[in-house]
Amino acid sequence: MNILLIGSGGREDALCWRLSQSPSCEKLIAAPGNPGMERWADELRPIAAEDPAAVVAMAQDIAADLVVIGPEAPLVAGVADALDAAGIPCFGPSGAAAQLEGSKGFTKDLCAKYDIPTAAYVRTELMDEALAALDDFSIPVVVKADGLAAGKGVTVAMSREEAEAAIRAAGDGPLVIEEFLGGEEASLFALVDGRQCRFLASAQDHKRVGEGDTGPNTGGMGAYSPAPVLDDTLAARAMMDIVQRTADAMVDEGTPFRGVLYAGLMLTETGPKLIEYNVRFGDPECEAIMPRIAGDFAEMLLAVASGDLAGMGEVVLETATTMTVIIAADGYPGTPRKGGAISGIEAAEEDGAIVFQAGTAKDGDRLVSSGGRVLAVTAAGETLQQARDAAYEAVAKIDFADGFHRSDIGWRELQRQS
Ligand code: AMP
Ligand code: GLY
């Protein structure tokens, strides 16, 4: 089949790499892509990825049998709807179904209506109502601005004063006030084709920029897969009580979900509860997960896109554990320094690691940085410790003077295992 892959980050580089290995993939076009994806795609093409008409036109131009959309913005913009209308199979949900990520209020209301386990909440658009609602919650309490905030609209307030300050800072506008859930966090990734759901993998990422999970939030500084805290029993329970119920609910609401559902879970004493949904792969979780998937990945995504998951078996995972370490540009998550020279990728890959690229660009023959998160160095191992050692050995071979990385990815889990 001919595949059009939309996106340009480390996540899409990993998807591109994995799709290029699928026996059923004949032609792979990445748009707009990045220099890393040049290694696996047949061609890169520039595109306005959030313009539905532009994506449809390109898909028609290459006679795409499948369009795979990496990031959330094109999904929220309705790119999948336009592809649907044009009769082109798309891996990624409609704009209406993408509200599972785009609107926290939408998701909370869906959970309430269909008995999907999540934190108790109040949803309001008025600052005064939000302030008054604090009476109904104990401390800590969580304040969330609605809409796509890339994880930056959330305050876990350790005092009433902090909660009030967060509400006042947000002002009038869509807000969710939520019960604080204690426990371990884990992410679950599931393929959903409407009603059919398949567990894909678990993972855990590190969102804070600093060692020991300190400092400002980022898109993610590293990840590993699987997340052992989400054992088989808990994963099966989360699939049944959370993912399947959500898939059924979306069908019943007339907005079926199609694509990968990324559930951020809190493993509480009373079972897994939903913290949030994303409607796409995580980045860098995707870089960690892709090397674990066995079989024809393109076939799998086409089955999701065409509502055909029932005909597919369970997703087979390699037993290996993987770890991804992000190398970011100095300044990230603020203003990253751009144009720094990068070398050593070949050396880093000598022992089996893969260096996925995110914010990179070509400057003549040189590879330079062009964004916040620059490289996603990924390695596998029989154990998390082995995967970690291999990933950091590879990181050490990369020469990128303007970059930095965290040296403690996986620390909590490694500590638990030791
Ligand atoms: P979100 O953007 O909703 O994923 O929230 C970002 C982070 O805030 C999560 O990864 C959690 O660490 C934390 N968080 C969000 N909601 C809750 C909650 N109800 N209880 C405890 N922690 C939460
Ligand atoms: N790594 C977190 C995310 O992709 O949202």
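At a glance:
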read-out	value
Evaluation of residue 194 against (1) touching a Pro at 6+ places or on another chain (Cβ under 6 Å); (2) under 30 Å from residue 416 (Cα atoms) (one fails), failing number	(2)
Verdict on residue 236 being free of Cβ contacts under 8 Å to residues at least 40 places away in the same chain and either on the phi < 0 side of the Ramachandran plot or surrounded by fewer than 17 Cβ atoms within 10 Å (Cβ to Cβ) (or both)	yes
Residue count, the stretch 96-135 (criterion: farther than 23 Å from residue 267 by Cα and more than 14 Å from ligand 1 (Cβ to nearest atom))	16
Of residues in the stretch 209-227 being open to solvent by 60 Å² or more (accessible area, probe 1.4 Å) and out of contact with any Pro (no Cβ under 7 Å at 6 or more places or on another chain), the one farthest from residue 358 (Cα to Cα)	214
Identity of the residue in the stretch 178-191, over 15 Å from the mean Cα position of the chain (by Cα) and not small (Gly, Ala, Ser), that ends up most open to solvent (accessible area, probe 1.4 Å)	180
Unmet criterion (only one of (1) surrounded by 16 or more Cβ atoms within 10 Å (Cβ to Cβ); (2) away from ligand 1 (no atom under 14 Å from the Cβ)) for residue 171	(1)
So residue 276, is it open to solvent by 40 Å² or more (accessible area, probe 1.4 Å), in contact with a strand residue (DSSP E or B) (Cβ under 8 Å, 6 or more places away or on another chain), within 16 Å of ligand 1 (Cβ to nearest atom) and among the acidic types (Asp, Glu)	yes
So residue 285, is it open to solvent by 10 Å² or more (accessible area, probe 1.4 Å), within 16 Å of ligand 1 (Cβ to nearest atom) and either within 16 Å of residue 205 (Cα to Cα) or hydrophobic (A, V, I, L, M, F, W, C) (or both)	no
Residue match in the stretch 190-204 (condition: part of a strand (DSSP E or B), touching a residue at least 60 places away in the same chain (Cβ under 8 Å) and farther than 30 Å from residue 311 by Cα)	no
Among (1) hydrophobic (A, V, I, L, M, F, W, C); (2) assigned to a loop (DSSP other than H, G, I, E, B); (3) open to solvent by 40 Å² or more (accessible area, probe 1.4 Å) - the single one residue 116 does not satisfy	(3)
Hey, residue 211 modelled with pLDDT of 95 or more, under 30 Å from residue 329 (Cα atoms) and either within 16 Å of ligand 2 (Cβ to nearest atom) or not polar (S, T, N, Q) (or both) or not	yes
Pair list, Cβ under 6 Å, 6 or more apart: the stretch 299-325 residue in contact (Cβ under 8 Å) with a residue 60 or more places away in the chain, other residue surrounded by 15 or more Cβ atoms within 10 Å (Cβ to Cβ) and among the acidic types (Asp, Glu)	304/193; 307/193; 309/193; 324/287
Tabulated pairs, the stretch 256-275, first acidic (Asp, Glu), second open to solvent by 10 Å² or more (accessible area, probe 1.4 Å), C-beta under 8 angstrom, 6+ apart or interchain	269/182; 269/183
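Let's see how each residue does on (1) part of a loop (DSSP other than H, G, I, E, B); (2) open to solvent by less than 10 Å² (accessible area, probe 1.4 Å):
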| site | (1), (2) |
| --- | --- |
| 291 | no, no |
| 302 | no, no |
| 307 | yes, no |
| 310 | no, no |
| 324 | no, yes |
| 328 | no, yes |
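The values are calculated or read from the model by the stated rules, or taken from the named source; none is laboratory data. Quick caveat: nothing in here was measured; it's all calculated off a predicted structure. Methodologically, a virtual Cβ is constructed for each residue, glycine included, from the backbone with ideal geometry; neighbour enumeration extends over all protein chains shown. Each accessible area value is taken on the protein alone, full model and side chains, heavy atoms only, with ligands, DNA and RNA left out. Shrake-Rupley method; radii C 1.70, N 1.55, O 1.52, S 1.80 Å.
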